[in-house]
1. Restricting the first residue to the range 46-70 and requiring it to be over 20 Å from Asn88 (Cα atoms), which pairs with a second residue that is among the β-branched types (Val, Ile, Thr) and surrounded by 11 or more Cβ atoms within 10 Å (Cβ to Cβ) meet a Cβ separation below 9 Å and a spacing of at least six or different chains?
2. Restricting the first residue to the range 73-91 and requiring it to be touching a residue at least 60 places away in the same chain (Cβ under 8 Å), which pairs with a second residue that is part of a helix (DSSP H, G or I) and of a type in the set (S, T, N, Q) meet a Cβ separation below 8 Å and a spacing of at least six or different chains?
3. So how many residues does the range 66-84 have that are open to solvent by 80 Å² or more (accessible area, probe 1.4 Å) and either more than 18 Å from the chain's Cα centre (by Cα) or under 14 Å from Asp17 (Cβ atoms) (or both)?
4. Would you mind stating whether Ile58 is part of a helix (DSSP H, G or I) and open to solvent by 70 Å² or more (accessible area, probe 1.4 Å)?
5. So Pro46 fits all but one of (1) at positive phi; (2) open to solvent by 90 Å² or more (accessible area, probe 1.4 Å); what number is the exception?
6. Can Phe103 be described as open to solvent by 70 Å² or more (accessible area, probe 1.4 Å), touching a helix residue (DSSP H, G or I) at 6+ places or on another chain (Cβ under 8 Å) and in contact (Cβ under 8 Å) with a residue 40 or more places away in the chain?
Amino acid sequence: MYDGLDKPLFGEARPRDRCFNYVVGAVTVILVCETLISSLVFPAFPPKAINVFLASIISMICISELTLIYWYRQGDVDPKFRKLIYFNSFTTILLCICANVYFHKKFKEDD
């Protein structure tokens, strides 16, 4: 089926794996975008600097994650780093959830 240089570096990706990768990536990017928008909108206009700073850091983490995914898909990164990509995506999602809870003040402090 493949000859010479056309052969995939790490073998064929199963459609299920590829679909799972797209879902994880899409959920992460959507949550990061929502966090960035929430930092600018909540709690009121003008936005608080600390909220924008936190959201910009989360965005930078997402950009580095997308770069790692791009390198993985190009074959420049060893397949064992796939678990690291999943772990980083999971921690980015958790960080977005924490930031959104902070922005929206869902939990009241007991004084």
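1. Pro47/Val41
2. If the second residue must be part of a helix (DSSP H, G or I) and of a type in the set (S, T, N, Q), the pairs left are Ser89/Thr28.
3. Qualifying residue count for the region: 6.
4. no
5. (1)
6. no
The values are calculated or read from the model by the stated rules, or taken from the named source; none is laboratory data. Keep in mind that this is a model prediction, so the values were computed, not measured. Neighbour counts run over all protein chains shown; Cβ positions are idealised from the backbone, glycine included. The protein model used for the area step is the full one, side chains on, heavy atoms only, and it has no ligands, DNA or RNA in it. Shrake-Rupley method; radii C 1.70, N 1.55, O 1.52, S 1.80 Å.
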